[in-house]
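All remarks here apply to the structure that follows.
The values are calculated or read from the model by the stated rules, or taken from the named source; none is laboratory data. It should be emphasised that the depicted structure is a prediction, and the values quoted were computed from it without experimental measurement. Here the Cβ positions follow ideal geometry from the backbone for every residue, glycine too, while neighbour counts run over all protein chains shown.
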Amino acid sequence: MAEQEKIKPEETLDCVGLYCPMPIVNVAKKMKEMKVGQVLELLADDAGIKQDMPSWCKTTGNEFLDIAEREGIYHVFVRKTG
């Protein structure tokens, strides 16, 4: 079983059709609403998210868990840490 199939997000944020920087802006807003330890799944079709999300997590201290591409959609998993 692939790693992302084991991750159970509490929230899913659909940013398909949005391009940099909007997926990150929307993730930042959503994470403020979430509790520490909860996982967010981001859906995006902008390939820039592959670099942007790990960088954002490093900057903010949130935990980048995984990313997978299925049928042109990136499924990105992030855990709120603080």
_Quick check on residue 67: is it modelled with pLDDT of 95 or more, aliphatic (A, V, I, L, M) and within 11 Å of the chain's Cα centre (by Cα)?_
yes
_Take residue 72 and tell me if it is out of contact with any strand residue (DSSP E or B) (no Cβ under 8 Å at 6 or more places or on another chain), at pLDDT 95 or above and surrounded by fewer than 12 Cβ atoms within 10 Å (Cβ to Cβ)._
yes
*asked:* Filter the range 49-62 down to the residues that are surrounded by 15 or more Cβ atoms within 10 Å (Cβ to Cβ) and out of contact with any helix residue (DSSP H, G or I) (no Cβ under 6 Å at 6 or more places or on another chain) and list them by number.
replied: 53, 57, 60, 62
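Residue-wise test of (1) in contact with a Gly (Cβ under 7 Å, 6 or more places away or on another chain); (2) free of Cβ contacts under 8 Å to residues at least 12 places away in the same chain.
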position: 10; (1), (2): no, no
position: 18; (1), (2): no, no
position: 24; (1), (2): no, no
position: 39; (1), (2): no, no
position: 44; (1), (2): no, no
position: 58; (1), (2): no, yes
position: 61; (1), (2): yes, no
position: 73; (1), (2): no, no
